[in-house]
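Beneath this line is the structure, given in structure tokens, with notes to follow.
The values are calculated or read from the model by the stated rules, or taken from the named source; none is laboratory data. Here the structure is a predicted model, which is why all the values come from computation and not from measurement. All Cβ positions, glycine included, derive from the backbone under ideal geometry; neighbour counts span all protein chains shown. Keep in mind that these areas ignore ligands, DNA and RNA; they rest on the heavy atoms of the full protein, side chains included. Shrake-Rupley method; radii C 1.70, N 1.55, O 1.52, S 1.80 Å.
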Amino acid sequence: MSATSLRARPGSFERAGGQSARVAASPAFADEALRIVRDPLRILLFVLTVLTVSRLHQHYPVLMKMRPALLLVIAATGYAYLNPRFLTRANVLEFWPMRLLVLLGVLACCSAVFGISLGSTASFILSDYVKTLVYAFLLAVSIRNVRDLFTLVWAYVIGCGILAFFSLFIFGITRSTGSDFARLSNLYTYDSNDLGVMMMMGLSLTLLLLVVSRGAKRGLLLLNLVAIAATVARSGSRGGFLGFVAVGVAALVLANGMSVPRRMLLLIAAPIALALGAPAGYWKQMGTVLQPKDDYNYSAVDGRKAVAQRGLGYMRQYPIFGVGMNNFARAECTISPKLQTLNRTGPIVSSTARQRTFPWR
């Protein structure tokens, strides 16, 4: 299949399968076929993706009050409904990721009814989770071919670039109490570990775009790669560091569309950026990965090990639908075994009693 024929047939992305990846790696395909789609629906989703990833609107209070993400979702949904020709002709529910998404939505609704707090779960679903579902379905019905996917990949990478800029020049770094370890704090939406996850996806997609980009775009992507590496360091996330190593190794082994010297150059530049961006105590903190039993997460009552064990206990108490979406914190204050070791006097006892007496509040 030629790049021209792939470009000419909107449905060829689904039919081409693995062959489309080999075509996409060729310079001719990059020059002729892989261009950002500029129809109204794709533009709306492009801007929405950039805002969703970067949280750019939260940096400007005036823009935040305008609810730009909500307006973009409404506009994209309305435009898609009025112009079905801009949507994929395939039934998105035929694909397992969308079926899984529907199943998760059904389970979330059931968890509201059978969990420990109907109001808490229902409120979270209506205020937050439904946005994720709508956004996911908008993306699914809007990706018709490789160019549509290419457009949204660029949107994610640009969003990561903006988020990395904020992390390097806007967000502050603070030291943990009683520790010499410093990391990013006061982020708008994500915590440091969330940021590490976002950057890992951004790193992978940036490397993907580097394979098919030329000229000034390649230079911007290289800059984005360096910024992402420095941001991973400033996040102080051990999971982010391990993800960085994993993505680097995968890129070295699997990036067949890039020459070995070029891959080696990237894998040298990225760790240098990581080292230069590392805050105080970063490498000592990363070293704790090799001594997991010495970390607070292994022994503390609110460490990850103890939290996971209590979570498994809640699953045994509510084995079908769980305690309910967004109810884990409530479970920690009502049915948690750690309450037996706390001083439950005054407001704590009365609050707990109210929760147990009226579980649907």
TODO: List the trypsin sites (Lys or Arg not before Pro) within the range 115-214 that fall in a DSSP loop (any state other than H, G, I, E or B) and whose Cβ has at most 13 other Cβ atoms within 10 Å.
DONE: 214
Task: Peptides ranked, highest mean first, by Cβ atoms within 10 Å: ranges 61-74, 100-113, 188-201 - done: 188-201, 100-113, 61-74
TODO: Evaluate the distance, in nm, between pseudo-label points positioned 7 Å from the Cα of residue 179 and of residue 75 along their respective Cα→Cβ axes.
DONE: 4.2
Task: Straight-distance crosslink candidates among lysines, where the alpha carbon sits under 21 Å from residue 131 and sequence neighbours closer than 8 are dropped - done: 65
- [ ] Heavy atoms only, probe 1.4 Å: what % of the accessible area of the range 67-200 goes to carbon and sulfur, would you let me know?
- [x] 69
Task: Full-extension gain in nm, residue 89 to residue 250, via 0.36 nm per residue minus C-alpha separation - done: 54.6 nm
- [ ] Compute the accessible area per residue over the range 106-170, keeping the other protein chains in place, probe 1.4 Å, unit Å².
- [x] 40
Task: Inter-label distance, nm, simple model (7 Å from Cα along the C-beta direction), residue 293/residue 126 - done: 5.0
Task: Accessible area of the range 250-315 belonging to carbon and sulfur atoms, whole % at 1.4 Å probe - done: 69
Open item on the list: Accessible area per residue for the range 242-285 in Å², computed with a 1.4 Å probe and the full protein assembly in place, what is it?
Closed with: 58
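Of the peptides 39-50, 303-314, how do they stack up when ordered by the mean number of other Cβ atoms within 10 Å, highest first?
Descending packing order for the listed peptides: 39-50, 303-314.
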